[in-house]
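Enquirer: Quick one: this structure, given as structure tokens, is what I'll be asking you about.
Coordinate-derived values only; no laboratory data. What you are looking at is a predicted structure, and each value in this text was computed from that prediction instead of being measured. All Cβ positions, even for glycine, are placed from backbone atoms using ideal geometry, and neighbour counts span all protein chains on display.
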């Protein structure tokens, strides 16, 4: 399932890139992420690096663990995560941050498919709400880190 969301937030692109790229801190402000382990840091080029991130996600009756490779491309203001292993058949997630007169235009894209048809149906039915809530978590964290913006 593909989902794309664009949102304007009143923060600098560099700040939002740093916030989203700091995957190890996600459990501090994304409530359904209960654990994140970051490993295997690599420099891929000038301003481009990667880490492997193993996440534990818990919703009401469900706990799953999965691993992604996260590539942080500072020159392009892009953070991209692709599947290493987990309950997905496929996972591709991308955040892009472009300057906007009132802050930053966030382009959030995710394409995924669970191996389980039940999990796939559950998340597909709630994807729009889940994406909005996720962006809200990052907006609130930016407010805490960078202060309220007019």
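Enquirer: Per residue of the chain, what 222 nm ellipticity follows from adding -39500 (n - 2.57) for every DSSP H run with n ≥ 4, rounded to the nearest 500?
Expert: -9000 deg cm²/dmol
Enquirer: Taking the square root of 5 times each eigenvalue of the Cα gyration tensor, what semi-axes in Å does the equivalent ellipsoid of the range 1-51 have, largest first?
Expert: Semi-axes from the Cα gyration tensor: 20, 18, 13 Å.
Enquirer: Kindly identify the range 49-102 as rounded, prolate or oblate by the Cα gyration tensor criterion: order the square roots of the eigenvalues as a ≥ b ≥ c, call it rounded if a/c is under 1.5, otherwise compare a/b with b/c, prolate if a/b is larger, else oblate.
Expert: In terms of gyration-tensor shape, prolate.
Enquirer: In the range 53-80, whose amide N lies under 14 Å from the spot 7 Å out along Cα-to-Cβ of residue 15? List them in ranges.
Expert: Answer for this model: none.
Enquirer: What list do you get for 23, 30 if you sort them by fewest beta carbons within 10 Å?
Expert: 30, 23
Enquirer: Right, next: Give me the angle, in degrees from 0 to 90, between the Cα long axis of helix 117-146 and the longest principal axis of the Cα atoms of the chain, rounded to the nearest 10.
Expert: Tilt relative to the chain: about 30 degrees.
Enquirer: Under a point spin-label approximation (7 Å from Cα along Cα-to-Cβ), what is the residue 117-residue 92 distance to one decimal in nm?
Expert: Using points 7 Å along Cα→Cβ, the separation is 2.5 nm.
Enquirer: At 10 °C and 1.306 mPa s, what whole-number value in µm²/s does Stokes-Einstein give for the translational diffusion of the chain, with Rh from the Kirkwood sum over Cα pairs?
Expert: This corresponds to a translational diffusion coefficient of 100 µm²/s.
Enquirer: Evaluate the distance, in nm, between pseudo-label points positioned 7 Å from the Cα of residue 140 and of residue 2 along their respective Cα→Cβ axes.
Expert: 3.1
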